[in-house]
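Q: Here it is: the structure, laid out below.
Read-outs: derived from the displayed coordinates by stated rules, not from any lab. The model shown is predicted, which means the values in this text are computed figures rather than measured ones. Virtual Cβ from ideal backbone geometry, glycine too; neighbours counted across all protein chains shown.
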C-alpha cells in the first residue's frame, strides 16, 4: 500500500491516527519490557563461559566449512540438499557431546572436586581427532594444519574449557577428577619431587642450601665407608664446598638439620636390630566377670573424658592387666591409646583413687616448691600456728610460723558419685525426666513464695537432692 494514502488519511483523521499510533507504541514498549525482563530473569553463565562458548561456536562453524568442502569433493555429495543435511553431522555431534559433558560435570561436582565429564567428554576429543582428517584431505599439509588448528582442535579445546570454567569460577579450589587431570597432577608432583622442589614456599637460597646439605651428607657418608682411594681428595674438596654452600657454619637450624641427616644415615644399619615391642603380645582375653565398662561409666562418658583419665579408670577396673591389655581395653571402649601412653600415665603416679593422703608441701626460701607430677596446687591456705614458748630473754615476743598445705587434686575428671544410684534415694527420684514435672506443680501451688527444702520433701515425698533442684528452679538460693 503506498505511503501517501496513509498520510492523507492520517491528516484527514488526526484523532484516530493518534490513537492507533499510541496503541502501536504501547504494544512495542510492552514487548520490549517483557523481553528485557525475561532476559534478566534468565540465569546466565559467567562472562568467561559465554566468551569461551562463543569462540567454540565460531571454531565449530570454521570446521563446518571444511566438512562442506570435504563432503562435496571426497564423499561425492553432489546434491546441495543432501550435502546441507549431512555435512554438519560431526559438528552437531561435537556440540551435543560438549553440552552433555558440561551437564555431567555440573551434576558430579562437589565443594572439593570439579566433577567429571564422563563418556561425553572423551567423545569430544574423539570427534575432534576424526575431524582433523578432512582438513588435510581438503587443503594439504599447510592449509590442512591451519584448518585443523583453527577448526576442530580449537573448537574441542574451547568446549572443554567452557565445560569446567563455570565450576572453576564458582569454586576455585575444586580439583578436576577426570583421567587426564589426575595423570597431569601426578606427573607434575613426581617431576617436582624429582627436581627437589616438592617442599613449597621456599626461596631459591633455601633450596640451594637444602641441596648442598643433602650433597654434604652423601659425601660424608661415602668418605666414612671409603676414606682412602684416589678420589678421596676430590670428595673432601666437594664436601667442603657443599658444607660452605649449605650455610651450616652460620645458620644453627641448617647445622642441626645437617647433623641430624648425617646421624640418621650413619646409624641406618641399626634399624634391622632395633628392639620393638610386639603389638600382638600381651593382649588379654576378658574374663566372664569383667564389667562391660570400667566402674559403671558408659562408653559415651569415657569417650568424652581425657584419654589418660580413661587409662586410670580401666586400670582401676582391671588391676591385674598389663599395660598392653589396658591399651587394648581402652580401644575397645572407643578411646584409642597406645601402650606407651598407658605406661606414661601409670608411671606418673596420677591415680584417681590414691591410697594415701598427699604429703605436706613446705616452701623453701628462694626456691619454688617441688610438686610431684600430676599434682595441681590449689590456692595456698596459710594459717598461723599455735604460739610456742620462747626463752625468757625473748619472752616479750611471740613468733608464729605459717604452714603451707597443698591439697591433692587429680588432673583428670573423677566420675561423679551422684550418677551412681544410692540406696537412700527414694524410688520416685530415679529416672526423673528433664525438666522435672514437679517444678510446674510447685510453681502453681506456692506462686512467688519460695518454699524450703523440708516442706518440699514432706509435701511430695522426695529426696534431698530433688527438693534442692526444685527449690533452685523456683528461684531459691542454691
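Q: Between residue 30 and residue 18, how many nm apart are label points set 7 Å from Cα along the C-beta direction?
A: Rounded to a tenth, the inter-label distance reads 2.2 nm.
Q: With a Förster radius of 25 Å, plug the Cβ-Cβ distance of residue 304 and residue 473 into 1/(1 + (r/R0)^6) and report the FRET value to the nearest 0.05.
A: Computed FRET efficiency for residue 304 and residue 473: 0.45.
Q: Here's another thing I want to ask about it. Let me see the pair-distance distribution of region 186-242: every alpha carbon pair, 5 Å bin width, integer percents in order.
A: Calculated P(r), rounded to whole percents: 4, 18, 21, 16, 13, 12, 10, 5, 1.
Q: Taking square-rooted eigenvalues a ≥ b ≥ c of the alpha carbon gyration tensor, is region 429-473 rounded, prolate or oblate, where a/c under 1.5 means rounded and, failing that, a/b exceeding b/c means prolate?
A: Taking the square roots of the gyration eigenvalues as a ≥ b ≥ c, region 429-473 is oblate.
Q: Let me ask something else. With a Förster radius of 60 Å, plug the Cβ-Cβ distance of residue 322 and residue 444 into 1/(1 + (r/R0)^6) and report the FRET value to the nearest 0.05.
A: Plugging the Cβ-Cβ distance into 1/(1 + (r/R0)^6) gives 0.50.
Q: How far apart, in nm, are the 7 Å Cα→Cβ label points at residue 84 and residue 222?
A: With each label placed 7 Å out from Cα toward Cβ, I get 7.7 nm.
Q: What is the calculated FRET efficiency for residue 194 to residue 38, with r their C-beta to C-beta distance and R₀ = 41 Å, to the nearest 0.05?
A: It comes out at approximately 0.15.
Q: With label points built 7 Å along Cα→Cβ from the Cα atoms of residue 267 and residue 73, find their separation and express it in nm.
A: Using points 7 Å along Cα→Cβ, the separation is 7.7 nm.
Q: Over all directions, average the projected area of the Cα convex hull of region 12-87 and note it in nm².
A: Mean orientational projected area (region 12-87, Cα hull): 10.3 nm².
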